């Protein structure tokens with residue numbers, strides 16, 4: 001079973017599970033597909049969640065669903081609802097005989113450091129309610145007698161992303177030939193193509209890896225350099241406006257992962273080059289620039 005199956009990450013994980021598993025996909029909206037068993041459910045409703053698990057009795061659970069409304073999710077009260085929903089989902093799954101859980105964590109569980117971050121268990125309190133809720137759910141999951149991996153995802157981009165997020169907003173502005181504004185750009189980040197990370201998540205389903213594991217690209221860059229690269233790809237570097245927007249209050253200057261577990265234990269493939277992913281993402285937005 002995969003939750004959030006029509007979301008930005010879940011929809012990319014889904015194809016990697018077909019053929020090897022009988023896949024039950026969960027989303028708020030109904031969907032028809034002859035290869036997948038689709039279920040419409042509100043996972044924040046404990047009774048709906050219990051009925052779903054009782055009906056399907058999944059052996060494996062990939063939990064991708066969460067509150068992701070751009071700009072609001074950092075401090076949204078719905079983070080508390082998703083934390084409670086995750087607890088119920090995991091407990092119900094384990095009680096029904098489920099074998100293994102792969103759940104999506106976040107780099108927001110970290111407070112930032114000048115060094116690559118390892119999957120430490122004892123951490124400072126995350127700066128946002130989103131990060132706090134994710135970390136609390138991990139702590140609860142650790143107490144259950146079930147095999148699990150916690151995929152701690154760093155910064156993603158790619159086709160179908162929310163159009164107001166960093167990379168899409170720049171692509172759309174450049175394609176509209178209007179100023180592409182961003183913050184100071186001094187932030188150092190690990191940016192990954194969502195397709196690469198989705199493959200790693202799918203690999204975790206059959207992996208023996210336990211606990212938290214960082215998932216990312218493996219190279220770091222400043223957001224200013226990403227913006228300038230997109231300007232070069234669009235052949236409109238004159239439209240890039242670094243420093244035109246304020247930085248998000250409290251965000252760490254450096255947030256990059258140690259990916260030892262990803263590449264040595266999971267043996268994930270080498271990620272595609274950042275420039276190639278930015279190029280393909282820009283071309284996708286070019287093809288879909290007139291769509292809502």
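The values are calculated or read from the model by the stated rules, or taken from the named source; none is laboratory data. No experiment lies behind these values; they were computed from the predicted model shown. Glycine gets a Cβ as well: all are built from the backbone with ideal geometry, and neighbour counts include every protein chain shown.
Things worth noting here:
- Each residue in region 145-170 was checked for being touching a residue at least 60 places away in the same chain (Cβ under 8 Å) and over 30 Å from residue 204 (Cβ atoms), and 1 pass.
- Among the candidates 238, 247, 225, residue that is over 19 Å from the mean Cα position of the chain (by Cα), surrounded by fewer than 18 Cβ atoms within 10 Å (Cβ to Cβ), on the phi < 0 side of the Ramachandran plot and in a loop (DSSP other than H, G, I, E, B): 247
- Annotation: of all residues in region 250-265 being farther than 13 Å from residue 223 by Cβ and part of a loop (DSSP other than H, G, I, E, B), the one that is modelled with the lowest pLDDT is 250.
- Residues of region 233-250 satisfying the condition of being free of Cβ contacts under 8 Å to residues at least 24 places away in the same chain and closer than 26 Å to residue 73 by Cβ: 249
- Hits in region 21-40 (condition: surrounded by fewer than 19 Cβ atoms within 10 Å (Cβ to Cβ), touching a residue at least 12 places away in the same chain (Cβ under 8 Å) and part of a loop (DSSP other than H, G, I, E, B)): 22, 28, 29, 31, 35, 36
- Any hit, region 261-273, residues being touching a strand residue (DSSP E or B) at 6+ places or on another chain (Cβ under 9 Å), more than 25 Å from residue 159 (Cβ to Cβ) and surrounded by 14 or more Cβ atoms within 10 Å (Cβ to Cβ): yes
- Residue among 187, 142 that alone is in contact (Cβ under 8 Å) with a residue 60 or more places away in the chain, within 25 Å of residue 251 (Cβ to Cβ) and in contact with a strand residue (DSSP E or B) (Cβ under 8 Å, 6 or more places away or on another chain): 187
- When residue 231 is tested against (1) more than 23 Å from residue 12 (Cβ to Cβ); (2) outside any helix (DSSP H, G or I); (3) touching a helix residue (DSSP H, G or I) at 6+ places or on another chain (Cβ under 6 Å), exactly one condition is not met: (2).
- Single condition residue 12 does not satisfy, out of (1) crowded, with 20+ Cβ neighbours inside 10 Å; (2) part of a helix (DSSP H, G or I); (3) more than 19 Å from the chain's Cα centre (by Cα): (3)
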